[in-house]
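Inspection log for the structure reproduced underneath, given as structure tokens.
We did not get these values from a lab; they are worked out from the coordinates using the rules stated. Here the structure is a predicted model, which means the values were calculated and not measured. So basically every Cβ, Gly included, is an ideal-geometry build from the backbone, and we count neighbours across all protein chains shown.
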Amino acid sequence: MKAKKSVLYITTDGLTDPLGQSQILPYLQGLSKEYRIHILSCEKPEVYLQRAVVIQERVDKAGIQWHTVNFRNSPPVLGSWLMQRELRKKAKAIIKDNNISMLHCRSYPAGMIGMALGHKYDLPWLFDMRGFWPDERKDRHIWDLKNPLFLMVYKWFKHKEKQLFASASHIISLTWKAKEILIMSFGVIEDKISVIPCASDSGHFYKRNANTALKASLGFQPEHKILAYSGSLGSCYLLDEMLMFFKAGLNINPRLRMVFLSPKTYHEMVMERAAQLGLKPELVKCAFFSREEMPEALSIVDYGVMFFEPSFSIQASSPTKHGEFLSMHIPVVTNAGVGDMERILAEKPTGVIVHDFSEKEMLKAWQALVENNYLSEDFDDQAKKWYDLERGIDKYSDIYKLNV
């Protein structure tokens with residue numbers, strides 16, 4: 001039997017984080033059937049202590065070697081630099097000790113290591129860029145460019161960005177829109193870029209009968225139609241606009257209700273903003289469900305909403321929650337300019353795009369939502385085409401074969 005070639009996957013995200021469990025490990029478990037995978041990740045110590053045993057069992061079962069360093073981002077900039085230095089040192093040791101044939105680097109900080117070590121050891125390296133990371137930090141108000149330190153870091157990464165695109169053996173983008181930007185604005189040749197959106201687990205999220213007991217436990221009546229937002233409410237999400245969309249929907253159907261399926265840290269903020277907008281507590285609810293419980297929670301939902309702050313970087317975003325909504329046959333409303341959402345919804349009617357946040361546009365979207373005769377096969381087809389995990393693994397496998 002031909003020996004498997006070894007690949008080192010480098011990420012500053014942790015496998016013990018929810019993102020690592022949903023968007024990193026499933027792909028690498030699939031690829032481990034053909035390649036000997038080494039993962040080098042940055043783990044938050046407190047989370048690592050809670051979840052490391054479970055993750056170790058998963059990687060052991062797949063024959064994956066898992067290497068870690070401690071995640072740190074404090075003090076700002078210096079903490080990240082120290083973590084980056086430790087990550088690079090450990091990556092060098094893994095390359096030397098394990099006959100690594102290729103590097104696979106997730107996002108820009110890992111890409112910086114891939115670029116340096118790929119050159120040093122004459123190894124091909126894949127730049128799994130995810131999004132336009134420096135602009136994400138700026139657009140999501142993580143880096144305040146009025147601060148000279150963050151302005152300096154932003155400019156440095158924007159300078160290095162061009163080198164990353166030029167140096168990488170292959171680039172993986174989350175969206176076709178970002179691929180277009182890479183070609184038109186950065187001069188990257190088309191064949192060097194593949195598009196692999198975030199995956200949704202259709203074996204976990206699928207259409208099922210509504211959990212009426214759960215619906216009642218949230219204070220909703222059987223006749224209520226439910227609008228939902230699912231996930232965290234970070235700086236790129238437009239909470240007020242989503243609440244205003246719900247408020248507009250009450251003009252169409254007074255029996256409409258809204259639930260935020262979000263971590264508990266956001267609940268007080270949501271309820272305060274709802275009250276300020278004149279929405280009574282019985283109209284808007286907040287609840288947190290684990291990933292295991294989320295399909296049952298989504299079973300009571302009739303419509304989904306996700307509004308993002310318009311920006312340059314949001315064009316590279318692939319919202320995993322949309323894949324979950326599709327798999328659950330929930331039509332979604334989102335705003336124009338978000339990744340490939342306009343393209344996806346134009347292909348088959350599984351939701352509505354709003355082009356601004358005026359009341360007129362929101363009422364128009366509600367009319368389209370309630371009047372459309374949605375087809376189950378359209379949701380299934382789009383979920384499989386855009387967010388299927390196995391399809392993503394196959395694409396990665398093809399890229400590996402061309403570059404290892």
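Miscellaneous remarks
- Among 387, 400, 35, sorting on how many other beta-carbon atoms sit within 10 Å of each Cβ, with the fewest leading, yields 400, 35, 387.
- Euclidean distance between Cα centres, region 73-117 to region 1-72, Å: 15 Å
- Surrounding net charge for residue 356, when Lys and Arg each add one and Asp and Glu each subtract one, Cβ distance under 11 Å: -1
- Percent antiparallel among DSSP beta bridges (both partners in region 212-386, rounded to 5): 5 percent
- A cut-off under 15 angstrom between Cβ atoms defines the neighbours of residue 224, and their net charge, with Lys, Arg +1 and Asp, Glu -1, is +3.
- Peptide packing for 337-345, 216-224, 313-321, 149-157 was compared via the average number of neighbouring C-beta atoms within 10 Å per residue; ordered from the highest value, the list is 313-321, 337-345, 149-157, 216-224.
- The convex hull drawn around the Cα atoms of region 288-343, when projected onto a plane and averaged over every direction, covers 4.2 nm².
- Mean residue ellipticity (222 nm) of the chain, computed from DSSP H runs ≥ 4 via -39,500 (n - 2.57), nearest 500: -15000 deg cm²/dmol
- At the listed q of 0.08, 0.11, 0.13, 0.20 Å⁻¹, the Debye profile of region 212-386, built from one uniform point per Cα, gives log10 I(q)/I(0) equal to -0.22, -0.42, -0.60, -1.62.
- Answer label for semi-axes √(5λ) of the Cα gyration tensor in Å (calculated), chosen among (1) 38, 23, 21; (2) 41, 22, 19; (3) 30, 27, 19: (1)
- Reachable aspartates and glutamates from residue 247, criterion Cα separation under 20 angstrom, eight or more residues apart if same chain: 223, 268, 272, 282, 302, 309, 356, 359, 361, 371
- Table column - 3J(HN,Hα) (Hz), region 287-294, Karplus curve with 6.51, -1.76, 1.60, x for Gly and Pro: 7, 10, 10, 5, 4, 5, 8, 4
- For residue 146, the lysines whose Cα comes closer than 16 Å to its Cα, not counting residues fewer than 8 places off in the same chain, are 138, 155.
- Put simply, the amide H of residue 225, placed in the peptide plane, has neighbours under 5 Å in 256, 257, leaving out anything fewer than 5 places away on its chain.
- In a simple Cβ point-charge model (Lys, Arg +1; Asp, Glu -1; nothing else charged), region 212-386 has a dipole of about 320 debye relative to its Cα centre.
- Across region 298-308, computed HN-Hα scalar couplings (Karplus, 6.51 cos²θ - 1.76 cosθ + 1.60, θ = phi - 60°) run 6, 5, 8, 8, 9, 9, x, 9, 8, 9, 10 Hz from first to last residue, x flagging Gly and Pro.
- Distant-in-sequence amide contacts of residue 354, defined by a placed amide H-H separation under 5 Å and a gap of 5 or more residues or a different chain, comprise 334, 335, 336.
- Violating pairs (Cα-Cα greater than 27 angstrom) within the set 61/401; 225/348; 192/384; 5/158; 225/360: 5/158
- Taking a straight Cα-Cα cut-off under 17 Å and skipping sequence neighbours fewer than 8 places away in the same chain, the lysines within cross-link reach of residue 89 are 120.
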